[in-house]
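The values are calculated or read from the model by the stated rules, or taken from the named source; none is laboratory data. Predicted model, so just to flag it, every value in this text is computed and none were measured. Note: ideal-geometry Cβ built from the backbone for every residue, glycine included; neighbour counts use all protein chains shown. Heavy atoms of the whole protein, side chains included, go into the accessibility calculation; ligands, DNA and RNA do not. Shrake-Rupley method; radii C 1.70, N 1.55, O 1.52, S 1.80 Å.
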Amino acid sequence: MLKKGIYILAGILVIVLGYLNYFKEEKAIEVKTDNKIETSDVNYESEGYRIEAGTQIDDLDTKETSFKLAKAFFEDMSLKGDNVFIDSLKNLVLNGNIEGVSVNGWKFNAENAKYNNDLSKIRSDTGVTASNDEKK
């Protein structure tokens, strides 16, 4: 009687495993294509500014570029930040620990800043602290 029960359980197990193996719908395999190119120790030049960065990431799908630990140099000022992003219109967006120095002695700190390439102006919606050691 015990042998008969074991054979019945083994038969049921074979049928269940066979069903799960052969008749169950398979999940589709997702193919992720990452169209991003990452470059280290870069110098990037555009109209009106130059960027030196530790890492540059180019997204080929959106044609946008981002930088990590970057310094942006303009004709009369330099900006340094943790993350710099360039959109398709060549405008800069700086995020995180932004430090700026201008040629006339002004130093400023901010969390976020945006540089409009068409207007050649920098704008920040967050608080900005500025100081000038020469003029006190």
What number of residues within the stretch 18-63 are open to solvent by less than 100 Å² (accessible area, probe 1.4 Å) and farther than 15 Å from I86 by Cβ? 6
In the stretch 67-78, the residues that are out of contact with any Lys or Arg (no Cβ under 7 Å at 6 or more places or on another chain) and assigned to a strand (DSSP E or B): F67, K68, L69, A70, A72, M77
So which of F108, F23 is among the aromatic types (F, W, Y) and touching a Gly at 6+ places or on another chain (Cβ under 6 Å)? F108
Going by the structure shown, is D61 out of contact with any strand residue (DSSP E or B) (no Cβ under 6 Å at 6 or more places or on another chain) and in a loop (DSSP other than H, G, I, E, B)? yes
Restricting to the stretch 95-121, what's the tally of residues that are surrounded by 12 or more Cβ atoms within 10 Å (Cβ to Cβ) and under 16 Å from F73 (Cβ atoms)? 12
Where M77 falls short, out of the listed (1) more than 23 Å from the chain's Cα centre (by Cα); (2) within 23 Å of N112 (Cβ to Cβ); (3) hydrophobic (A, V, I, L, M, F, W, C); (4) surrounded by fewer than 16 Cβ atoms within 10 Å (Cβ to Cβ): (4)
What do you reckon, is N91 open to solvent by 50 Å² or more (accessible area, probe 1.4 Å) and free of Cβ contacts under 8 Å to residues at least 60 places away in the same chain? no
